[in-house]
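The values are calculated or read from the model by the stated rules, or taken from the named source; none is laboratory data. This is a predicted model, so every value here is computed, not measured. Here the Cβ positions follow ideal geometry from the backbone for every residue, glycine too, while neighbour counts run over all protein chains shown. Quick note on the areas: whole protein, heavy atoms, side chains included, nothing else; ligands and nucleic acids left out. Shrake-Rupley method; radii C 1.70, N 1.55, O 1.52, S 1.80 Å.
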Amino acid sequence: MTLVIGIGTRKDVTTQEVIDAVSKALNESGYNLDDISFMASAKMKENETGLLDAANIMDIKIQFIPHDILNQHKSPTKSQASRFGLDGVAEPSAIALSEKKELLLRKRKYGRVTIAIAE
């Protein structure tokens, strides 16, 4: 199975917050870290140290999606990312990199981290 975790974070999120959120999302959805091919987020998150460090620790490649591409993949749930001109972050990021473009886990908030999983 090839899954993509879409991830949105608040500014200055910690590495541990990201790791905990990913772990909780995987536990709740019945998947494990070995099922994950990529993590994906918005281009504006490419300098978030906590996000980068978490991906490195979990040994998952992370890709940052340009905003125009994210907005091509409509988010099925309302997002606070609209403040930044985005339809969403977690769900569109997961869908953008996934093969089947199918959400398996709609976005869920875990503190300051939002996770969605797509196949």
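Pairs please, first residue from the range 57-68 and in contact (Cβ under 8 Å) with a residue 12 or more places away in the chain, second anywhere and among the aromatic types (Phe, Trp, Tyr), Cβ atoms under 6 Å, 6+ apart in sequence or on different chains.
Pairs found: 61/38; 63/38.
Being among the β-branched types (Val, Ile, Thr) and open to solvent by 60 Å² or more (accessible area, probe 1.4 Å) narrows it down to one residue among 65, 60, 69; which is it?
Only one candidate qualifies: 69.
Just checking, how many residues over the range 98-119 are open to solvent by less than 50 Å² (accessible area, probe 1.4 Å) and not in a strand (DSSP E or B)?
Here the count works out to 2.
Return yes or no: is residue 4 within 26 Å of residue 71 (Cβ to Cβ), in a helix (DSSP H, G or I), in contact with a strand residue (DSSP E or B) (Cβ under 6 Å, 6 or more places away or on another chain) and at pLDDT 95 or above?
no
Please name all residue pairs, on different chains or six or more residues apart, with Cβ atoms under 6 Å, provided the first residue is in the range 18-46 and is open to solvent by 20 Å² or more (accessible area, probe 1.4 Å) and the second residue is of a type in the set (Gly, Ala, Ser) and assigned to a helix (DSSP H, G or I).
Close Cβ pairs satisfying both conditions: 19/54.
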